[in-house]
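Novice: The structure is given below, and queries will be raised subsequently.
Please treat every number below as a calculation from the coordinates, not as lab data. This is a predicted model, so every value here is computed, not measured. Cβ placement follows ideal geometry from the backbone for every residue including glycine, while neighbour counts extend to all protein chains displayed.
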Amino acid sequence: MKICALAAAGLFALGAIAPAAAADLPLYPKAAVAPVLTYDWSGIYAGINGGGGWAHACWNVTGALGVAVDPAVGEGCHNAGGGTIGGQVGYRWQKSRWVFGIEGQGNWADFKGNNVSVALAPLTNQTRIDAFGLFTGQMGYAVNSLLLYGKAGAAVAHDKYDTFFPGVPALAFNSVNQTRWGYTIGIGVEWGFAENWSVGGEYNHVFLGHHSADFATLTGGFLARTDRIGQDIDMGLIRINYRWGGPLVAKY
């Protein structure tokens, strides 16, 4: 009888405990948390770019036949436009959503334009930029595979200045070649469309300032003069880059 009583008491206790334990168990097992893959812009990259640009140039005579002209006499302004193609290489590193970088870019260009001189008509002044380079730092903000950034730094351009009679460019009084340094600012957007590939668009403005050019050409100095030429460049570029490094980071 004692054994039967103990067995009955044990069964009663188990029956009381079982519902409470069952209440603590989840109805469904918890699913494993999957990692979220985020784009990482860190790494070395290289690519190509192409687009168009236009340089605004204003010429002013500051000297003629060896005599200073003060105040300067304006010869007018013109836009020198055309296409450009080139390449870039750089390095970026990302911290949280902020992206920092440095970049070097070199381009061939054909920005050309002219105007008839206001002071020396019918002579025509022509400007041509055939190459330029940009050396910049970058700061951007990333939203996964989308990057918005600004850039600033140094710029250099190779210019050729011609003066000639209209319709007879072979009789140019002279061609002055200059390598001009300045600075640049720009903005851009870039999208990572594959693991290590990205494509984007960029706008840059280049400040080249004012520089003097000596047009002392014909024997005896006929029509020799010095012009102070002010020049800026605007350009829009489409860029595609390949980046070395792991583009995806797992976050839980």
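Novice: Highest first, please rank the peptides 138-144, 73-79, 105-111 by the mean number of other Cβ atoms sitting within 10 Å of their residues. If you can, show how the numbers build up before the last one.
Specialist: Values: 138-144: 15.7, 73-79: 17.6, 105-111: 19.6.
Top to bottom by mean Cβ count within 10 Å: 105-111, 73-79, 138-144.
Novice: Report the local net charge at S198: Lys and Arg +1, Asp and Glu -1, summed over other residues whose C-beta lies under 11 Å from its C-beta.
Specialist: Working: positive: R92, R239, R243; negative: E190, E195.
Its environment carries a net charge of +1.
Novice: Express in nm, to one decimal, how much length is gained between F165 and K95 on full extension, taking 0.36 nm for each residue of separation and deducting their alpha carbon distance. Don't skip to the end; give the middle numbers.
Specialist: On the way: separation 70, 0.36 × 70 = 25.20 nm, distance 5.84 nm.
Extending this stretch completely gives an extra 19.4 nm.
Novice: Place a point 7 Å from Cα of A216 in the direction of its Cβ. Which residues in the range 43-81 have their backbone N less than 14 Å from it?
Specialist: 63-68
Novice: If you don't mind, another one. For D232 and A121, compute 0.36 nm times the residue count separating them, minus their Cα-Cα distance, and round to one decimal in nm.
Specialist: Numbers: separation 111, 0.36 × 111 = 39.96 nm, distance 2.44 nm.
Stretched fully, the D232-A121 segment lengthens by 37.5 nm.
Novice: How high is the FRET efficiency from Y183 to I85, r the C-beta distance, R0 22 Å, rounded to 0.05? Don't jump to the answer; show the numbers that get you there.
Specialist: Values: r = 23 Å, r/R0 = 1.03.
So the FRET efficiency works out to roughly 0.45.
Novice: Using Cα centres only, tell me the gap between the range 70-87 and the range 91-127 in whole Å.
Specialist: 11 Å
Novice: Between W54 and I102, what's the calculated FRET efficiency when r is the beta-carbon distance and R0 is 25 Å? Round to 0.05. Before the final figure, lay out the partial values.
Specialist: Values: r = 27 Å, r/R0 = 1.08.
For W54 and I102, the calculated efficiency is 0.40.
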